[in-house]
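Heads up, the thing below is written out as structure tokens.
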Amino acid sequence: MVRPAIVFRVDCNNQTGFGHFSRSLNLCRNMIMSKSFGWNNFIFVGDLNDFAKALLTSFSIQFLRVSSIKEEEGFNLEELHLKSTAVILDSYDLTQESLNNYSNIFQQTIIIDDTCELDYSNIDLAINFRHCAE
């Protein structure tokens, strides 16, 4: 039986750069390689450039391209929820509304955050890398 997917919502384009995508890809690859973790089904969703799509293809990771988190074009979140258990969000484009929407749809919502600008009280796990930020 194939487990439901973990969705990574991340962008990799001229505006956002490669950092968020690289971090998410490395996390995903470690989950794939970890036999004790037991997950093997992942989907990347975001505004992905050709380089990001080529990397995902080389690692046999599924992806769906959308133009922005504000529009969520190209897929239906409810439909994606039926195929997945958790969403890992790593994007500067998140709004409070989109964050709440993800939290209401997915069983587990995880955010990797650099800014600490949104209310994460309804999120299952928030990871923030800013040490001693103002």
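The values are calculated or read from the model by the stated rules, or taken from the named source; none is laboratory data. Note that the structure is predicted; figures quoted are calculated from it, not measured. We place every Cβ from the backbone using ideal geometry, glycine too, and count neighbours over all the protein chains shown. When the accessible area is computed, the model is the full protein with side chains, heavy atoms only, and any ligands, DNA or RNA have been set aside. Shrake-Rupley method; radii C 1.70, N 1.55, O 1.52, S 1.80 Å.
Things to note:
- Modelled spin labels at ASN122 and TYR92, positioned 7 Å past Cα toward Cβ, are 2.6 nm from each other.
- Available extension along the chain between SER58 and MET31 is 8.1 nm, counting 0.36 nm per residue and deducting the alpha carbon span.
- Solvent-accessible surface (1.4 angstrom probe) belonging to GLU97, in square angstrom, nearest 10: 150 Å²
- Under 14 Å, Cβ to Cβ, from PHE59 - net charge with Lys/Arg +1 and Asp/Glu -1: +2
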